[in-house]
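Novice: Structure provided below as structure tokens; questions to follow.
Every read-out reported here was derived from the displayed coordinates using simple, explicitly stated rules and does not represent laboratory data. If you're wondering where the values come from, they're calculated on a predicted model, not measured in any experiment. With ideal geometry, Cβ positions are generated from the backbone for all residues, glycine too; neighbour counts draw on all protein chains shown.
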Amino acid sequence: MNNIEEILWNYIDGNCTPDEQKAIGALIEQDEAYRAKYAELLLLNKEFSAIELDEPPMAFTYNVMEGIRAEQASVPLKATVNKRIIWGIAIFFVVTISVMLVFAFASMKWSAPGVNVNLPVHLNLRMPSVSSSTTKMIIEGFVFFDAILALYLLDAYLRKKIAAKHV
């Protein structure tokens, strides 16, 4: 678009200041090139205003929203985890905690004042000797980690169960 057309379109659309409108009106009256272009653009503007605007179909918004919903539904929410790996980790920790409990209960003295308890099976199990503070700290850390992990797995299991009820 050249400069004359831009000026005339601004004049036709009313996007000029009043001073510019007077100046452009004088140019149209005095200059034959401006007058011819102005007449051509006015005719084109009338044709544009006569054209009917296309309207979207009645269900356009619904169709767009369904398309978005279908796009989001096709994307998986999170990667699947192999259940055997989870079961393997859980079994490892259950066995570890069970062995530690057996050691703890086997090393306890099961007698009380006035009560004589005779256990038919005497387990001669002993915990490994923990002499240095570093080894003791490692064992305590391991037990603490096991307890936290067990609570985390229990929480995840319960949350999944609750979410399954709501869906």
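Novice: With 10 angstrom as the radius, rank 101, 153 by how many other C-beta atoms surround their C-beta, starting from the fewest.
Specialist: Fewest-to-most Cβ neighbours within 10 Å comes out as 101, 153.
Novice: Find how much the distance from residue 150 to residue 45 grows on full extension, using 0.36 nm per residue of separation minus their present alpha carbon separation; answer in nm with one decimal.
Specialist: 30.2 nm
Novice: Give me the orientation-averaged projected area of the Cα convex hull of segment 3-50, in nm², one decimal.
Specialist: Its average projected convex-hull area is 3.1 nm².
Novice: Among 17, 135, what is the fewest-to-most ranking by other Cβ atoms within 10 Å?
Specialist: Lowest to highest Cβ neighbour count: 17, 135.
Novice: Order of 84, 35 from fewest to most other C-beta atoms within 10 Å?
Specialist: Fewest to most other Cβ atoms nearby, the residues stand as 84, 35.
Novice: On to the next question. Could you compute the FRET efficiency for residue 20 and residue 52, with r as their C-beta to C-beta distance and R0 at 41 Å, rounded to 0.05?
Specialist: Rounded to the nearest 0.05, the efficiency is 0.80.
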